[in-house]
Structures are given as C-alpha cells and as structure tokens.
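Structure first, then comments.
The values are calculated or read from the model by the stated rules, or taken from the named source; none is laboratory data. Computed from a predicted structure; not experimentally measured. Every residue, glycine as well, gets a Cβ built from its backbone with ideal geometry; the counts of neighbours run over all protein chains shown. To get the accessible areas, we keep the full protein, side chains included, count just its heavy atoms, and leave off ligands, DNA and RNA. Shrake-Rupley method; radii C 1.70, N 1.55, O 1.52, S 1.80 Å.
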Amino acid sequence: MANVTEDWLFAGTLEALQQEKAKVIKGGIAVFYHEDQVYAVDNRCPHLGFPLHVGSLCDGILTCHWHHARFDVCSGGTFDPWADDVPSHEVKVGEDGV
C-alpha cells in the first residue's frame, strides 16, 4: 500500500520491487525496477490510456501494448511523433524503501 510521507509516495521495499519488476501505486504511478534502477511514470499511456505497468520494458524503452507507443522510462519522452510524452516522477531509494 502506498503512503504519503513528506509529499513522497511509498512504493514498497526495493526487494519486493526487484521481484515484481513493476507495480502501480496510489495516484496512478507505475514504478519499475529495470537494470538495477528504479523509475516512475504515469501509468496511463498518453495516446489512449493503456496501463503502462503491463507494457514491456527493454533497454530502457517502455512500450505500450495497444498501439506500440514507445517511451524512455527515465524521462518519459516519447520516441514516436504521434504520441505525447508520459509524465515521469522523481524516485528516492533509501534503507526504508522506494
């Protein structure tokens, strides 16, 4: 369950995220563990609203499975001229979690 602490949302432990690879937290934010890093973007594809946490993530490119819009998971920037950028969010990883 996500909790708000000092305007941050708690996404769980790093260990749990490493096993899950992706999860959705309160506020519709998708959190990903990829190549030893944690990233967070809005969970809805800006093209038609597909839940991005069930998209694919390879080489830092998050792909929406409905129309194959592609996004840089770090910045949220799109690689396709017909899709808008997906908002990205800052992530903090500490001893108490993500």
Residues being farther than 22 Å from Gly12 by Cα, part of a strand (DSSP E or B) and acidic (Asp, Glu): count how many of those fall in the stretch 26-81. 1
Top-ranked residue of the stretch 5-49 - restricted to ones that are open to solvent by less than 60 Å² (accessible area, probe 1.4 Å) and charged (D, E, K, R), ranked as nearest to Ser75 (Cα to Cα): Asp42
Residues Val31, Val4: which one is within 10 Å of the chain's Cα centre (by Cα) and either at pLDDT below 95 or at negative phi (or both)? Val31
I'd like to verify a number: residues in the stretch 50-78 that are crowded, with 17+ Cβ neighbours inside 10 Å, among the small types (Gly, Ala, Ser) and under 12 Å from Phe32 (Cα atoms), how many? 1
Which of (1) out of contact with any strand residue (DSSP E or B) (no Cβ under 8 Å at 6 or more places or on another chain); (2) of a type in the set (A, V, I, L, M, F, W, C); (3) farther than 13 Å from Val91 by Cα does Trp8 not meet, given it meets every other one? (3)
Val86 is checked against (1) open to solvent by 30 Å² or more (accessible area, probe 1.4 Å); (2) β-branched (Val, Ile, Thr); (3) over 18 Å from Ala11 (Cα atoms); (4) in contact (Cβ under 8 Å) with a residue 40 or more places away in the chain and fails just one. What number does that condition carry? (1)
